[in-house]
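Just so it is clear, none of the values below were taken in a lab; they were calculated from the coordinates. No experiment lies behind these values; they were computed from the predicted model shown. A quick note on method: Cβ atoms are made from the backbone with ideal geometry, for glycine too, and the neighbour counts reach across all protein chains shown.
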Protein chains: 2
Amino acid sequence: MPVLQPIVNIAELLYQKGITDVVVSPGSRSAPLTLAVARHPHLRVRVMADERSACFVALGMAQQSRRPVAVICTSGSAVYNLAPAVVEAFFGQTPLLLLTADRPHEWLHQQDGQTINQVGLFGAHVKRSYDLPPDYSHPDARWFIERSLNEAITLSQLYPAGPVHINVPLREPFYPTADESFSYGPVRVIDVCTAQPTLAPDTWHGLLRQWEQSDRIIIAVGQLPRDPALLAILRKLSDEIGVPVVGEIVGNISRNDVFITRTDTFLAGIDEQTAQSLQPDLLLTIGNSFLTRNLKTFLRQYPARRHWHIQPSIDRINDSFQSLTTLIPAEPLAFLEKLFADLDYQRFLQGDDDDDSDSHAFLNRWQTLDRQATRLIEKTLMPSAEQTNQLTDWSAVQLIMEQLPEKSVLHLANSMPVRYANLCGVSERQQISVSANRGVSGIDGCLSTALGAALMTDQLVTLLIGDVAFFYDRNALWSAPVPPNLRIILLNNDSGHIFRIIDGPSRQPELETYFETPHGYTARNTAEDAKLLYTVCDSLDTLGSLLPDFFQPGNTARLLELTTDKQANQEQFLAYKAHIRAFYDNKI
Amino acid sequence: MPVLQPIVNIAELLYQKGITDVVVSPGSRSAPLTLAVARHPHLRVRVMADERSACFVALGMAQQSRRPVAVICTSGSAVYNLAPAVVEAFFGQTPLLLLTADRPHEWLHQQDGQTINQVGLFGAHVKRSYDLPPDYSHPDARWFIERSLNEAITLSQLYPAGPVHINVPLREPFYPTADESFSYGPVRVIDVCTAQPTLAPDTWHGLLRQWEQSDRIIIAVGQLPRDPALLAILRKLSDEIGVPVVGEIVGNISRNDVFITRTDTFLAGIDEQTAQSLQPDLLLTIGNSFLTRNLKTFLRQYPARRHWHIQPSIDRINDSFQSLTTLIPAEPLAFLEKLFADLDYQRFLQGDDDDDSDSHAFLNRWQTLDRQATRLIEKTLMPSAEQTNQLTDWSAVQLIMEQLPEKSVLHLANSMPVRYANLCGVSERQQISVSANRGVSGIDGCLSTALGAALMTDQLVTLLIGDVAFFYDRNALWSAPVPPNLRIILLNNDSGHIFRIIDGPSRQPELETYFETPHGYTARNTAEDAKLLYTVCDSLDTLGSLLPDFFQPGNTARLLELTTDKQANQEQFLAYKAHIRAFYDNKI
């Protein structure tokens, strides 16, 4: 058996445990891992030089496919370059398998190159960390490697999914001789059965009693991938039971006549009386983090008497609104379907569909405000006569959201794009799947993540991104070929524009120099280097005429750079805030 | 007192403890720290969006100034983006003060944005990690902050210098009101006296006895900043005591008629008889890591009976050559000066200058091989008739090294440039200061590091860098203005060329796809975006005529892109290896 056979077998284990894709950054210490996956007949391998980008690409691939993706890098600072994506994967619950080559530990602190403390390097930001042995002669060592790989791949997918680190110390020689051919396996795959959490009947009936004792119930949906079955049951709960369903774009709660998606607008500057009229008795939440501060602040300042949070299993008490009373281990979809069935059956037994009138009145209050918020936004986006054609970030995003191809994928970069997109929303008929790195909400890997997603779907993947996030992560594009179904829309206002929009920094004399940091870059050269089809646009009319072609499928990825003016963006946002203030002033 | 006064005072503490420079990446959570340093009358602040680059720039500034530089970033994945530079600073012994803004810890795992486990984030790769309190009302909290800053700044500079992490949880509001002006201090500065390690007379005499018992003594110098006094005493020890002084370009051991700088050449493929004739009885080492594998392998395979390592204080046993016998806490310069004085006095007492003949014979063997290696390299670089004008990486580096302006600074990027530069060497008369990130030898921040160095000196800073390292780190340039004294020389062979040069990967069918990863990029667009003066060159003659102007001072940073062919580079390297083989074959 070749010395490195246990390392070669890792590729086969990945494959047999369901991993199909690997992202590799070149290195010599990692060569045995690289060769093992490169020569494997069924693994798809993508190579990227910048480990930071590489790991965000893997993150995007895993988000899109909902399967773990393996990442291979060499020893030393290379490993730390994975960390920004690892921490996003950890808090964003995305499965990744990190295979980091290492020098054998006895070389640490011996002034040898590329040798750092890699064991447990990611600290609390991986689900578990393994350190493989550097020598394989004892059968227990081979048993340990095989068992660890089995466990790690399974663990990465168990709720909450996340990154798992396998550190792989490797001794020389790393390279097979010319006449040495690889053979894989046999490997031992350990199947892990899955089970659904099931509440005891007493627990369930206790919850039902709490529900019945509550007059004003809200379901709020945090970040979740798009799930038509979930959307269907949420609609029923709202339509038939009269529960307001509150959600955001990152939760894939799209705009329709039922869901409440404008909270960021109508909860801003809300007066106390209106707020009290919206305060729930029972708040039921599913999903991960919420995007908008206004919703979070409202639910903290006007807390529900009871707050249930439903998630597939319990590992931590997540008390986002500082009022959690009950943590329910359940699959949200299964829980809501059973809840609706039981409530519906009770309504049938009681023979009345009308006793929910008070509840429907509560729903109506939320829905009315949601419609009024829509008109406020329309008013904000309605240009004055002389500005008909002015392109602002927000007006651009509105137009883009309306024209997104049906059933396509939308990636929203952090900072302003995800906020503008949430203010605009996508309509239900478009059936758009929305993704964003909201685990830790960094701007550092948004372009790489979207590129990774595009590698795993035939649908068009559109990324809305600001200039700081774009240039920060442009190494994503330094790896041919860029998938042809990627559409990048760059909102270039030549600054970290969010600092002008939010309250605090916009008042400081240091705004421009220390926060916005204008750079004067356009993306033309970056697009040329990366061989993207590039278009630049600075008017709303032109944008409208460009988009249909931009969204056509084709053989080349495209980049559309929108040049906007930060003053105009700021004025529009200030006008929006004034409209909201006027709305509540007139109301009182 | 404003609530955030203890945070404002941090800026004053930095200044009073001798820190003059801060690198800031924009963020909102970090705004109180940013404003504190931005408004301070004496701190120089540079702003860079990409935290990875920002921290490498700070590293370069600290390397150049030999003083700690402070780094400020916001919470979340931003902090992890510092890590590649932090680990280089740790193993490269460069002082950095990392001020990372954080959310108060109670918000961890509460689905709040940009909230990760920042306490102790850098693990074993900082000298110490502090976590400041989020509330300052109790006087002990303010005492803790002031005392911690004092300790941290001192600690970063104590041998071995390195990064220190101060995590700063901050509550809202972050921003002063419009009418609020900052006032700094008074702050309490705690002076820390310094002391030199002094060996007891018995210890010293014991060492002298060991020296006298040794016939064949070598002094080998690992990475060190340039120090004329050290070079002078090393020359005396070689000239007058007859000790071979072996060094590399990263140790700032320049070429002259005395020092042994060609070990990478003449120790490659050395026969056993010659190797034994070079084997020392006593090896004395100073400095950090050694660059070349051939030297390290030789000293491991032909170990000295005694190996002394001299460093200012002892924290770990660094046994690079697996033969360490004595670890000596001393300043290398002071130790060597005292050693020479004592040896010289003994020679005077004994009245003979000739009893070192055997020792001089040993020196002669090393120096003869060094001269023979020089001829081997000259032969390699001597072009055949049809290749007179062919530009290869190596021939380019040779020409550049010869023409470097006197007393300028040379930065060597990792992978091939530092190796080629070491093969060529710099001559003593040039008085070049050489730097390279050899703490962990990553390619990830070489451009940023050189840019940071250029910010801290009026001398010209020339960076030799390959294409993968250059594009990897091009965000260094996304921050105007690029200092005008920076000269970037890019060896663009369109690949991770080292994989073709080293033995293992060059034999694999996967070489190009999985290791070299050709990208087709030139730097023209990157240079245009960054407003650098750009020149491209693909012949040796042209390079020779360009360099005098390129090295002229001016108002704009310059980038010279050298287009070389990876096959030609490989052929030249293979020819070099053949010359070495022929040399030892003929010798036997």
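Each 5 Å bin from 0 upward holds the following percent of the Cα-Cα pairs of segment B:123-197: 3, 12, 18, 21, 18, 14, 8, 4, 2, 1, 0.
Summary for residue A:520: label point 7 Å along Cα→Cβ; distances to the equivalent points in the other copies, ascending, 3.0 nm. Axis of helix B:566-587 versus longest Cα principal axis of chain B: the two differ by about 40°, to the nearest ten degrees.
Roughly what % of Cα-Cα distances in the protein assembly as shown sit above 48 Å, to the whole percent?
On the way: 232496 of 690900 pairs.
The calculated P(r) of the protein assembly as shown puts 34 percent of pairs beyond 48 Å.
Helix B:77-92 axis versus longest C-alpha principal axis of chain B: approximately 40°, rounded to the nearest ten.
Excluding the site residues themselves, the longest part of chain A lacking any trypsin sites (Lys or Arg not before Pro) in a DSSP loop with at most 15 other Cβ atoms within 10 Å is A:189-304.
Fully extending the segment from residue A:171 to residue A:503 would add 114.0 nm, taking 0.36 nm per residue of separation and subtracting the current Cα-Cα distance. Between copies, the label points at residue A:271 (set 7 angstrom from Cα along Cα-to-Cβ) are spaced 10.1 nm, reported in nanometres from shortest to longest. Label points for residue B:66 are taken 7 Å from Cα along Cα→Cβ. From this copy to the others they lie 6.0 nm apart, shortest first. Under 17 Å of direct C-alpha separation, and excluding same-chain neighbours fewer than eight residues apart, residue B:17 reaches no lysines at all. Once both labels are positioned 7 Å from their Cα atoms along Cα-to-Cβ, the gap between residue B:277 and residue B:107 label points is 7.1 nm. If you wrap segment A:450-534 in the convex hull of its Cα atoms and look at it from every side, the mean projected area works out to 6.1 nm². Go ahead and run the numbers for FRET between residue A:147 and residue A:322, Cβ-Cβ distance against an R0 of 45 Å, rounding to 0.05. With a Förster radius of 45 Å, E is 0.60.
According to the Kirkwood expression over distinct Cα-Cα pairs, how big is the hydrodynamic radius of segment B:206-301, in Å?
Numbers: mean 1/r = 0.0723 Å⁻¹.
Hydrodynamic radius (Kirkwood, Cα pairs) of segment B:206-301 is 13.8 Å.
Relative to the longest principal axis of the Cα atoms of chain B, helix B:5-16 runs at roughly 30 degrees.
Taking a straight Cα-Cα cut-off under 28 Å and skipping sequence neighbours fewer than 8 places away in the same chain, the lysines within cross-link reach of residue A:577 are A:296, A:379, A:566, A:587. In this simple spin-label model, placing a label point 7 Å from the Cα along the Cα-to-Cβ direction at both residue A:5 and residue B:227 gives a separation of 5.3 nm.
Under the rule a/c < 1.5 gives rounded, and otherwise a/b versus b/c splits prolate from oblate, where does segment A:201-370 land using the Cα gyration tensor? It comes out rounded by the Cα gyration axes.
At R0 = 25 Å, how high is the FRET efficiency between residue A:513 and residue A:297 if r is their beta carbon distance? Nearest 0.05 is fine.
Numbers: r = 30 Å, r/R0 = 1.22.
E(calc), rounded to 0.05, equals 0.25.
Cross-link reach is defined here as a Cα-Cα straight distance under 15 Å, omitting same-chain residues fewer than 8 places apart; for residue B:127 the aspartates and glutamates meeting it are B:88, B:151, B:315.
Between Rg and the Kirkwood Rh of segment A:356-513, both from Cα atoms, what is the Rg to Rh ratio?
Values: Rg = 18.0 Å, Rh = 17.5 Å.
A ratio of 1.03.
Whole-Hz Karplus values for segment A:176-184 come out as x, 6, 4, 8, 8, 9, 7, 10, 9 Hz, taken residue by residue from phi with 6.51 cos²θ - 1.76 cosθ + 1.60 and θ = phi - 60°; glycine and proline positions read x.
Work out the FRET efficiency for residue A:571 and residue B:178 from their Cβ-Cβ distance, taking R0 = 30 Å, and round it to the nearest 0.05. Please report the intermediate quantities before stating the final value.
On the way: r = 20 Å, r/R0 = 0.66.
Efficiency, rounded to the nearest 0.05: 0.90.
Which whole number gives the average, over all residues in A:72-79, of C-beta atoms from other chains lying within 10 Å of the residue C-beta?
Numbers: counts 1, 0, 1, 2, 11, 18, 5, 5.
Other-chain Cβ atoms within 10 Å of each residue's Cβ, averaged: 5.
So how much slack lies between residue A:542 and residue A:191, counting 0.36 nm per residue of separation and subtracting their Cα-Cα distance, in nm?
120.8 nm
Close amide H contacts of residue B:285 (hydrogens built in the peptide plane, cut-off under 5 Å, sequence separation of 5 or more or a different chain): B:220, B:308, B:309, B:310.
For segment A:435-553, the dipole from Cβ point charges (+1 on Lys and Arg, -1 on Asp and Glu) about the Cα centre works out to 260 debye, to the nearest 20. Across segment B:478-487, computed HN-Hα scalar couplings (Karplus, 6.51 cos²θ - 1.76 cosθ + 1.60, θ = phi - 60°) run 7, 6, 7, x, 6, x, x, 8, 8, 10 Hz from first to last residue, x flagging Gly and Pro. Taking every Cα-Cα distance in segment B:1-124 and sorting them into 5 Å bins from zero, the calculated P(r) comes out as 2, 12, 22, 23, 21, 14, 6, 2, 0 percent. Put a plus charge on the Cβ of each Lys and Arg, a minus charge on the Cβ of each Asp and Glu, and nothing anywhere else: the dipole of segment B:387-586 about its Cα centre is then about 380 debye. Distance from the axis that maps chain B onto chain A is least for the Cβ of the chain B residue given, with the whole Å value, as B:525, 2. Reported to the nearest whole Å, the Cα centre-to-centre distance from segment A:287-317 to segment B:24-67 is 36.
Residue-wise HN-Hα couplings along segment B:435-452, as the Karplus relation 6.51 cos²θ - 1.76 cosθ + 1.60 with θ = phi - 60° gives them from phi, are 10, 7, 7, 9, x, 10, 6, x, 8, 6, x, 5, 5, 4, 4, 5, 4, x Hz; Gly and Pro carry x.
Measuring spread by the Cα atoms of chain B yields a radius of gyration and Dmax of 25.9, 85 Å.
Counting only DSSP beta bridges with both residues in chain A, what percent are antiparallel, rounded to the nearest 5? Counting only bridges with both partners in chain A, antiparallel ones make up about 0 percent.
In this simple spin-label approximation, residue A:407 and residue A:342 carry label points 7 Å from Cα along the Cα→Cβ vector, and these lie 3.7 nm apart.
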